[in-house]
Amino acid sequence: MQTLRSATSLDAQIEEAFGRPITALRHDVETPAVRRVLEIRAMLAVVEQHLDQIRDRIHRATAADRKCAELADEDLTVDAEWLAAAGRARNHHAQAITSLLSVEPPASPPKQARTATEATARSASSPTPRASTTALPHR
């Protein structure tokens with residue numbers, strides 16, 4: 001299982017929160033928040049892959065072309081227990097990521113966009129010379 005390259009159900013939220021794709025975030029492990037989110041994301045990827053495997057195994061076991069006599073009650077019971085446990089783990093990791101993202105400040109705009117915004121703000125706040133519309137009296 002390659003969890004670093006596996007997509008998770010929360011990748012879009014993580015990318016939105018940090019303003020960068022997951023691939024770029026992997027190079028920013030010096031930031032504590034990014035490091036924590038990526039660590040939990042790796043665990044989430046493992047759990048979601050496990051959920052996929054269990055689901056596929058249940059689907060194969062209960063496929064329409066299978067005979068009912070081939071169904072093993074014990075296997076289905078174990079798969080149902082694994083499915084429930086993996087679902088709880090997935091929810092736990094997803095909640096941990098959501099909680100971390102909720103306390104993170106919003107992603108800052110890219111540097112060039114910030115510079116353009118600052119320039120616009122500066123020009124809006126600086127006075128501009130205007131031509132006088134009233135004539136001054138001559139003395």
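The values are calculated or read from the model by the stated rules, or taken from the named source; none is laboratory data. Predicted model, so just to flag it, every value in this text is computed and none were measured. Cβ: placed from backbone, ideal geometry, glycine included. Neighbour counts: every protein chain shown. Calculation scope for accessible area: heavy atoms of the full protein, side chains included, ligands and nucleic acids excluded. Shrake-Rupley method; radii C 1.70, N 1.55, O 1.52, S 1.80 Å.
In the range 71-80, how many residues are surrounded by 10 or more Cβ atoms within 10 Å (Cβ to Cβ) and assigned to a helix (DSSP H, G or I)? Matching residues across the range 71-80 total 6.
Within the range 25-52, residues that are without any contact (Cβ under 8 Å) to a residue 12 or more places away in the chain sit with their Cβ atoms under 8 Å from residues that are open to solvent by 50 Å² or more (accessible area, probe 1.4 Å) and not hydrophobic (A, V, I, L, M, F, W, C), at 6+ positions apart or across chains, in these pairs: 28/20; 29/35. Restricting attention to the range 16-61, the residues that are in a helix (DSSP H, G or I), loosely packed, with under 14 Cβ neighbours inside 10 Å and β-branched (Val, Ile, Thr) add up to 1. Annotation note: Cβ proximity below 9 Å between a residue of the range 81-101 that is surrounded by fewer than 16 Cβ atoms within 10 Å (Cβ to Cβ) and a residue that is not in a helix (DSSP H, G or I) (sequence gap 6+ or interchain) occurs for 98/10.
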